[in-house]
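The next block holds one structure in the form of structure tokens; read it before the comments.
Only the coordinates and a few stated rules stand behind these numbers; no lab work does. Nothing here was measured: the structure is a model prediction, and the numbers come from that model. Every residue, glycine among them, receives a Cβ derived from its backbone with ideal geometry; neighbour counts consider all protein chains shown.
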Amino acid sequence: MKKLIYLLVGATVILSSCGGDNNNNNINEKAANGGVKYGGVFKMNETEDFKSLYPLNTTMAIEHRIANQVYEGLVKLDQEDLSILPSLAEKWEVNEDATSYTFHIRKGVMFHDNNCFEGGKGRELKASDFKYCFDRVAVSDPSNQMYWLFKDKVKGANEYHESINNKTPLEAGISGIQAIDDYTLQIDLNYSFAGFLNIVSHNACYVYPKEAVDEYGMEMRVNCVGTGPFRVKKIKESETVILDRNPSYWDTDEHGNELPYLDGIKFSFNKEKKAELLEFKKGNLDMVFRLPLEMISDVVGELEDAKKGGNRPYVMQVVPALSVFYLGFQHKLEPFDNMDVRKAFNYAIDRESIVTYTLQGEGRPGLHGFVPPFKGYDYENVKGYEFSAEKAKKHMAKAGFPNGNGFPEITLQINPGGGDRNVQIAEVVQKMLNENLGINIKIEQMQFAQHLENLETGKATFWRAGWIADYPDPENFLNQFYSKHVPEDISTKAYINSMRYQSLKFDSLFDIALREIDEAKRMELFRQADQVAIDEAAVMPIFYDENTRLIQVYVKNFPSNSMEYRDMTEVYFDYDEE
């Protein structure tokens, strides 16, 4: 089983389907230059509800998958290799020490038609719209969780943030962000930061009009006004989100075809992974992301059957993911304010066993650092925690709890997402900690919104979490350990460093890495900072994930990638190849 799954990594494999009539077969396809075709509604399912599609409050993967089709930023990521591509900025310049970035905005880009505009007609995008939106990144507001992106980095961001807090907002906003003219935006930084284009690719840097903020306020969570290839047509929360094609989209493909090709996208919200897979096999969905653990063997079996010939085929895509599944500790509360307790927990877990038996080989054991395997990053030279019951017991005794005596009963808080695997992994960890440390752990499951609220406000002491890259850079992972993100009061929300881990040694290395322009030196400094966080048992990495998805064979131009970054702009259907 494990061997078969790993053989699929990075591959595209034809599998046999259970058949069924595809609901898109009756669409009127329209051929275009270069062999592509227009038409069809792409149907996909999500197992968790979204809470907000507003760019500054989009923190869940599902939210990004929807918002990324509606909103755009200065740059975007290549869906295949995650490199930086032009988007609403057609080009840019960076000065020699990477402290100043100048972006040239495309002319003629229009916001979606919406009632927030006079007459309901969208207006042209200008550089001043980016200035407005980027100033809002530094605004202190419950609906903004993105200040950390600009904090300390962008010149004037801290000062503007403080002025908002003091109710004396600076009229000029963030001083380091200037609209030079209608189509030129300049961003100046406090220090050299070679990874800033990655920051600009983040959803917090999407652009939206001031008119939408004035019209909808907090309800921008469901009232989306962007420039993207699709527009929000209908939202029925917990049931469906329907996007339709933006007929005024600015971009064309290499053959001169207007984009996008699809008529629309439909998201459903069926919480059961088994039911989702069944709907896919019936032809009622065009893709499935993540397979139910108990059904992986069935899919692998279908791979074997497909070699002998079968019914209508579909495609399986598997790639190593830029994500880590981990368990978090609250460092400001007992018992996890004790490093020896945290180390004991880390040594007590057999990560290889979890991946092999619980995950059925889907993933890689978290035996290195917090940063998952990453191109150009020497993750293998970050030494993590191999399973050792003996070392676990020694650290527990050193912490004052020999054989678990006197250790308080604590709760492992989890959320119900990820199919059944969150529960299954929690139960295995619970058993391992009991067997190897002699302690009792309770498991409490709660909805994701409450789960986040508890860990961000310091109410949770031990919890399940995962970090999926917002952009492809080790800085995005290690930023979670930066002590500058830890508020003084434990009840004050900590959006990033929810563990409230603080280490002068880590901060010193991280600060130097942020300012390093040489890419090789930068990566090495991040590796050293990663090692410090692991040595101090900041968290418990359990495994590095894999992205596994099934797509119907007629789906074209939809490559998988390590972030599960989805750009539907050039996806199309070709039923002639079915």
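Listed values, structure above:
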item	result
By average C-beta atoms within 10 angstrom, highest first, the peptides 158-168, 448-458	448-458, 158-168
Separation of alpha-carbon centers, region 385-426 and region 195-273, rounded to whole Å	42
Segment Thr240-Glu254, length gained on full extension (0.36 nm per residue, minus Cα span)	1.7 nm
Entries in Lys51/Lys236; Lys273/Lys431; Lys266/Lys493; Lys76/Lys556; Lys51/Lys234 that, when Cα-Cα distance is taken, lie over 23 Å	Lys273/Lys431; Lys266/Lys493
Hits among aspartates and glutamates - C-alpha to C-alpha of Lys37 under 13 Å, sequence gap 8 or more where chains match	Glu29, Asp253, Glu258, Asp263, Glu570, Asp574, Asp576, Glu577
For peptides 145-153, 519-527, 115-123, 535-543, sequence by mean Cβ density within 10 Å, most packed first	535-543, 145-153, 519-527, 115-123
Among 45-56, 254-265, the order from most to least packed when residues are scored by Cβ within 10 Å on average	45-56, 254-265
